[in-house]
1. Among the residues in region 411-433, are any assigned to a strand (DSSP E or B), surrounded by fewer than 16 Cβ atoms within 10 Å (Cβ to Cβ), at pLDDT 90 or above and in the same structural domain as HIS475 (by TED's automatic domain parsing)?
2. What pairs come up if the first residue lies in region 338-350 and is closer than 12 Å to ALA308 by Cα, the second is at pLDDT below 90, and their beta carbons are under 8 Å apart, counting only those six or more places apart or on different chains?
3. Name the residue, out of ILE218, ILE284, that is over 30 Å from LEU145 (Cα atoms) and either β-branched (Val, Ile, Thr) or surrounded by fewer than 17 Cβ atoms within 10 Å (Cβ to Cβ) (or both).
4. Looking at region 225-248 only, could you name the residues that are in a loop (DSSP other than H, G, I, E, B) and within 18 Å of the chain's Cα centre (by Cα)?
5. From the list GLU452, GLU425, pick out the single residue that is within 20 Å of ALA657 (Cβ to Cβ), without any contact (Cβ under 8 Å) to a residue 24 or more places away in the chain and among the acidic types (Asp, Glu).
6. I'd like to check which strands (runs of 3 or more DSSP E) are fully inside region 434-532 and have at least 2 residues that are surrounded by 13 or more Cβ atoms within 10 Å (Cβ to Cβ) and either aromatic (Phe, Trp, Tyr) or in contact with a strand residue (DSSP E or B) (Cβ under 7 Å, 6 or more places away or on another chain) (or both).
7. For region 375-384, does any single residue satisfy the condition of being charged (D, E, K, R) and over 36 Å from the mean Cα position of the chain (by Cα)?
8. Quick one: in region 53-74, which of the residues that are outside any strand (DSSP E or B) and either more than 52 Å from the chain's Cα centre (by Cα) or of a type in the set (A, V, I, L, M) (or both) is surrounded by the fewest Cβ atoms within 10 Å (Cβ to Cβ)?
Amino acid sequence: MDQTTNFALKDYSGAFILVMDDQDTITAAHGFSPQDHAAYYQNNLHQLPAPFTDVSQLMPNVHQGETVSTTLNFADGLYQVVVLPNRKDHYTGATMMLLKLSEQQRHREDYQHYQLFTEYSNDFLSKYTLDGQCTFMSASVERVLGYAPDEIRGQSVLDFLHPDDKKARRKLISQLIDDSFETPVNYRIRHKEGGYIWLETYSKCITEYENGQSVQQIVAVSRDVTERKETEERLTYLANYDSLTGLPNRALFRDRLRRAMLRAQRNNRRLALFFLDLDRFKNINDSLGHHAGDQLLRGVASRLEQFARRNDTIARLGGDEFTIILEDINNSDDAAIVAQKILEVMAPSYILDGHEVVASPSIGITLYPDDATDMQSLLKNADTAMYRSKEKGRNRYQFYTADMNAKAYEHLILENALRHALDREEFRLYFQPQIDLHTHGVIGIEALVRWEHPEKGLILPEQFVPFAEETGLIHPIGQWVLHAACKELVRWQKAGIPPLRMALNLSMRQFRQTKFVDMVREAIQEYQINPSLLELEITESFLAHNVEQTAETLHQLRDLGVHISVDDFGTGYSSLSYLKKFPLNTLKIDKSFVKDISTDPDGATIAEAIIALGQSLRLHVIAEGVETQEQVFFLRSRGCDRVQGFLFSRPLSSTEAMAWLKKNRSRPILNEQRDLWPEASTLRLVPRSLSV
């Protein structure tokens, strides 16, 4: 055993490992000479002579889950020793690493065992005291922050923080001390050349032993994530603001209206909600083109902003619909004055692509709390008043009154018809294929519900689903859609069509119902289908509501084997951090971003960002509403892997879908078959061999 004190390893690699069991008996020794190996193998650590006796004294700490570090002086020099427990929850053994220190390293206080982390060479390594003072900084910090290590060593990390982040300095230090190394800390830090960059730091609190004394230190690995943070901020902005006009979009408008109502209630004040719709906008769009229509919408937004007060909110809900939240008013007379100013500021003509155009608004106004005390009723009232304004001749404003019940009566008739639609078997499923841009093969199909009304004909879901949600009828309708889709999968399978995934849209109410997962499980069992052939589509807004419940439901669905996709991504009001919390498979780019993707820079930016985000999270990305070759070229060149839209197929009835799949399921889809869809586009997809 004297060989231990004469520890001489200079003829080998300089790095050695001892593996111990839960009794601290050495079960493996790596890097040693045969003679030294025999001296350690199957011996107990506590039986080894000095200097191993210093390590023996630290083993109780290791048994408690600590990682310990010290230096041992052997006959041939100084060694850095690190002992790591195999598990933290209960002791099952440990691994000891010994690294030979050179003569120069023996006298450098900043030499640390962090050299083990060489895989982080593009990042920088650092060590801090518990109050944030830097005791070590790797040379790579100069590439990231511009400072040489000596310029930071000895200073507090808090002195380099962005002023806004200094307010949370205690929280930052506590996060750095957190013994996890799993959750990163994000903060801004000053660059030597000026400005601030975002760092993402993984940290671990370790205990080191020097001259028999224990010292706690923070070990950190940091990287520059400024570009990613800027992309997230840009996406957040685009998710809350209309890309065409720069005004708040529907999601942000609803949030601000909710807050405004709370303030009005607290201060015992009124607010007015304006709903504006441009008169004959469709005619302008159709006659002069979408480019002229977009010019008009930007012009309207600019004029509305001219008279707005600081606390007022002007938003674009979509199309030619605008809203204004007018806070802190005394009565309807104040709102009428503003409405008259809107008519005046909108009166001058616009020049659109060289054409002089007059665009007047129809305005509906409702008051809180006089007309309603909840958001939905206020929106309904303003919408009802706006339609009454149009009926009276347009280019005017109209206050909501209780006798405006025509629309309510129409809804009542619709509700009665909707309640009987299931019994009368008036619902139909239509199907739109999804295409893989790399193989040009069919990889899935989306099921779309339609209401075949006996008098009104085929009614699209956007015309009845919102009302079905309000009345609770969405639950039986959703259950019918699920069973009808499963039946269709079984029918296709019996017809010899190779399996493909069926995507179904979910409403928020349907997703929130108590036994929704059970309903899905029972349908899978009843029809004996592979659960991976079902893909349930939720909208982005789902992710921002009751995060814990949403996560639980999604994980239960994943456990069933069902796939989950986020529909209309980019239009909601969710935090990007949610995407990492949920078991998602696919992001669907909303068709509003695809429509003018080759001419609208903002739409193109959003589409590119969503594709990049999907790739970074290892999610599939599907673009909806693809109608042109140019859109396919753009999407494919940016890495989008799946598409659906009229370029490949319109939504097909059950019979049409069966015929389409039999003809196209097993071969590449280059263009729509004219005998199944005579009005199909003759454009072909970009060939797979084309360099993009």
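1. yes
2. Going by the 8 Å Cβ cut-off, the qualifying pairs are VAL338/PHE307; LYS341/PHE307; ILE342/PHE307; VAL345/GLN306; VAL345/PHE307.
3. On inspection, the qualifying residue turns out to be ILE284.
4. VAL225, the sole residue that qualifies.
5. It is GLU425.
6. 442-453, 501-505
7. No - not one qualifying residue is present in region 375-384.
8. Checking each candidate, the answer is THR53.
The values are calculated or read from the model by the stated rules, or taken from the named source; none is laboratory data. The structure presented is a predicted model; accordingly, all values stated were derived computationally and were not measured. Glycine gets a Cβ as well: all are built from the backbone with ideal geometry, and neighbour counts include every protein chain shown.
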